[in-house]
Every structure is written in C-alpha cells, then in structure tokens.
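J.: There's a structure below that I have some questions on.
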Amino acid sequence: MRSTQVLVRFCLRMIILALFATFGSFSFARSLAALLAMSIIFSVVVAVIKRERPLDGILNHWDEALTCAALFCLVHTLGDFGLGALAPA
C-alpha cells in the first residue's frame with residue numbers, strides 16, 4: 001500500500017474518531033482518548049497480522065499506531081491543563 005493511501009486512511013479515521021468523540025457521553029477529551037487508545041490497539045494488531053516492518057520505507061499500520069499514541073499523549077496533556085474543549089468535565 002502506498003504512503004498516500006495510508007495518509008488518507010489515517011485522516012478519515014481521525015475524522016470518524018472526532019465525530020464519535022463529539023457525541024460521546026463523556027467529555028470530548030475522555031471520549032477521544034478512549035477512541036485513540038482503541039485505534040492504537042487496532043493498528044498494532046493489524047500490523048502484526050500483516051507482518052509489517054516497523055521502520056519500513058513507506059507508511060504502514062505501525063506509523064498509524066505511533067501517530068495515534070502521540071495524539072493520545074497530546075489529548076491527555078492538554079486535558080490535564082484544562083485547555084479549551086479538552087478541559088475535563
């Protein structure tokens with residue numbers, strides 16, 4: 001799979017996660033963090049099943065998992081500081 005396809009897949013996944021987090025029963029930050037955690041697990045499982053190499057020359061599920069982990073950390077950090085829409089409820 002080409003890197004552009006992976007980028008498009010990742011962007012669509014983030015849009016869907018943001019929409020679900022918006023309508024979640026908890027705060028946006030908690031819902032988004034939970035969905036990102038599930039996305040990390042899903043990406044790692046798919047990468048293992050497909051036997052993708054972690055540091056390959058093209059983007060793959062390992063890169064998606066790493067990006068979701070970075071976003072997960074960012075959401076937690078901003079939520080802890082109470083910034084904007086990520087403030088705890």
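The values are calculated or read from the model by the stated rules, or taken from the named source; none is laboratory data. From a predicted model like this one, the values you see are computed outputs, not experimental measurements. Virtual Cβ from ideal backbone geometry, glycine too; neighbours counted across all protein chains shown. Ligands, DNA and RNA are excluded from the accessible area calculation, which covers all protein heavy atoms including side chains. Shrake-Rupley method; radii C 1.70, N 1.55, O 1.52, S 1.80 Å.
J.: Output the residues belonging to region 43-58 that are modelled with pLDDT of 90 or more, in contact with a Phe, Trp or Tyr (Cβ under 8 Å, 6 or more places away or on another chain) and of a type outside the set (S, T, Y).
T.: V44, A47, E52, R53
J.: Take the residues in region 45-66 that are among the basic types (K, R) and assigned to a loop (DSSP other than H, G, I, E, B), then tell me which one is surrounded by the most Cβ atoms within 10 Å (Cβ to Cβ). Full working, then the answer.
T.: In the first step, residues of region 45-66 are kept if they are among the basic types (K, R); the result is 50-51, 53.
Keeping just the survivors that are assigned to a loop (DSSP other than H, G, I, E, B) gives 51, 53.
Details: R51: 6, R53: 10.
Among residues in region 45-66 that are among the basic types (K, R) and assigned to a loop (DSSP other than H, G, I, E, B), the one surrounded by the most Cβ atoms within 10 Å (Cβ to Cβ) is R53.
J.: Something else: Within 16 Å of V6 (Cα to Cα), modelled with pLDDT of 90 or more, open to solvent by 90 Å² or more (accessible area, probe 1.4 Å) and out of contact with any Cys (no Cβ under 6 Å at 6 or more places or on another chain): is that true of F20 in this structure?
T.: On the way: within 16 Å of V6 (Cα to Cα): no; modelled with pLDDT of 90 or more: yes; open to solvent by 90 Å² or more (accessible area, probe 1.4 Å): yes; out of contact with any Cys (no Cβ under 6 Å at 6 or more places or on another chain): yes.
Considered against the rule, which asks whether it is within 16 Å of V6 (Cα to Cα), modelled with pLDDT of 90 or more, open to solvent by 90 Å² or more (accessible area, probe 1.4 Å) and out of contact with any Cys (no Cβ under 6 Å at 6 or more places or on another chain), F20 comes out as no.
J.: Spot the failing condition for S39; the list is (1) surrounded by 13 or more Cβ atoms within 10 Å (Cβ to Cβ); (2) of a type in the set (S, T, N, Q); (3) modelled with pLDDT under 95, and only one is missed.
T.: (3)
J.: Looking only at region 15-33, which residues are touching a residue at least 12 places away in the same chain (Cβ under 8 Å) and assigned to a helix (DSSP H, G or I)? I'd like the intermediate steps shown before the answer.
T.: Here is the first cut: in region 15-33, the residues touching a residue at least 12 places away in the same chain (Cβ under 8 Å) are 17-18, 20-21, 26-30, 32-33.
Hits for region 15-33 are L17, A18, F20, A21, F28, A29, R30, L32, A33.
J.: Can you say whether A65 is within 20 Å of L78 (Cβ to Cβ) and among the small types (G, A, S), as far as the supplied structure shows?
T.: Working: within 20 Å of L78 (Cβ to Cβ): no; among the small types (G, A, S): yes.
Considered against the rule, which asks whether it is within 20 Å of L78 (Cβ to Cβ) and among the small types (G, A, S), A65 comes out as no.
J.: Quick one: which residue in R2, R9 is out of contact with any strand residue (DSSP E or B) (no Cβ under 8 Å at 6 or more places or on another chain), within 15 Å of T67 (Cα to Cα), open to solvent by 40 Å² or more (accessible area, probe 1.4 Å) and touching a residue at least 24 places away in the same chain (Cβ under 8 Å)? I'd like the intermediate steps shown before the answer.
T.: Numbers: R2 fails: within 15 Å of T67 (Cα to Cα).
Of the residues listed, the single one that is out of contact with any strand residue (DSSP E or B) (no Cβ under 8 Å at 6 or more places or on another chain), within 15 Å of T67 (Cα to Cα), open to solvent by 40 Å² or more (accessible area, probe 1.4 Å) and touching a residue at least 24 places away in the same chain (Cβ under 8 Å) is R9.
J.: In region 12-42, which residues are of a type in the set (S, T, Y) and more than 10 Å from C68 (Cα to Cα)? Spell out the reasoning first.
T.: Of the residues in region 12-42, the ones of a type in the set (S, T, Y) are 22, 25, 27, 31, 39.
Matches in region 12-42: T22, S25, S27, S31.
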